[in-house]
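Single-structure report; data block below.
The values are calculated or read from the model by the stated rules, or taken from the named source; none is laboratory data. Only a predicted model underlies this, so the values are computations on that prediction, with no experimental measurement involved. As a convention, Cβ positions derive from the backbone with ideal geometry for all residues, glycine included, and neighbour counts pool all protein chains shown. All accessible areas refer to the heavy atoms of the entire protein, side chains included, with ligands and DNA or RNA removed. Shrake-Rupley method; radii C 1.70, N 1.55, O 1.52, S 1.80 Å.
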Amino acid sequence: CFLDGFPSLLYSIGTGNVHRQDKRARSKRRRQRFHQQAVGFLVLYGRGFYDIPILFFHPSDSTLIGMSDRIFGQTDITPSILGYLNYDKPYFAFGKDIFNKADTTNFVIDYYSPIFQIFQDSLLLQFDGEKKLGVYNYFNDLGLKDNIIGKYPAQEQEMENRLKAELQTYVECM
């Protein structure tokens, strides 16, 4: 097989809407027990409505233990796998390599029709293509009820500019 000699990577993607604190607490305890015992796993989780657990596995890689608190999206899967495999040929991808410690960008963009969303650190900015619709602290406001638009103007502008740049790049690539 052409993959002989490469580490085996398994990933599992799922979505879930966990709203009740007791379910979240039980799930967190189970994950903590798993992460304390598992060798060769790195697991990343989203928060609230946007949970996407992903699991990277290698049976003998002790650096893949635990959980990461970086924001991770589906577009990050390919760059992360290629980075882990030390793939050195040029390629284009919108995501980031989660294993690249030098890359400190921590954002994900998605489209929740008809709204573009950028998640960066603890904030979520919603954008309709022309203007900001809302800003939320999605770590603490899972239901997105408290619109804090204007509370962090510098970070909001940075997020809006990044979102516009990514959208422009996407459109130009099509």
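The set of residues in region 77-105 that are modelled with pLDDT of 90 or more, touching a helix residue (DSSP H, G or I) at 6+ places or on another chain (Cβ under 7 Å) and of a type in the set (Val, Ile, Thr) is empty. Evaluate the following for Gly95: is it closer than 27 Å to Glu156 by Cβ and out of contact with any strand residue (DSSP E or B) (no Cβ under 8 Å at 6 or more places or on another chain)? Taking the combined requirement at face value, the residue satisfies it. Across region 109-160, the qualifying residues are those that are at pLDDT 95 or above and of a type in the set (Val, Ile, Thr), and the one among them that is most open to solvent (accessible area, probe 1.4 Å) is Ile149.
Would you mind telling me which numbered condition in (1) within 17 Å of the chain's Cα centre (by Cα); (2) within 24 Å of Glu156 (Cα to Cα); (3) modelled with pLDDT of 90 or more; (4) of a type outside the set (A, V, I, L, M) Gln74 fails? With (1) within 17 Å of the chain's Cα centre (by Cα); (2) within 24 Å of Glu156 (Cα to Cα); (3) modelled with pLDDT of 90 or more; (4) of a type outside the set (A, V, I, L, M) applied to Gln74, the lone miss is (3). One residue stands out in region 83-104 among those that are of a type in the set (Gly, Ala, Ser) and in a loop (DSSP other than H, G, I, E, B): the one that is farthest from Gly66 (Cα to Cα), namely Ala93. Counting the residues of region 50-82 that are within 26 Å of Asp110 (Cα to Cα), part of a loop (DSSP other than H, G, I, E, B) and open to solvent by 80 Å² or more (accessible area, probe 1.4 Å) gives 1. Are any of the residues in region 77-95 under 29 Å from Phe56 (Cβ atoms), of a type in the set (S, T, N, Q) and under 14 Å from the mean Cα position of the chain (by Cα)? Checking region 77-95: at least one residue is under 29 Å from Phe56 (Cβ atoms), of a type in the set (S, T, N, Q) and under 14 Å from the mean Cα position of the chain (by Cα).
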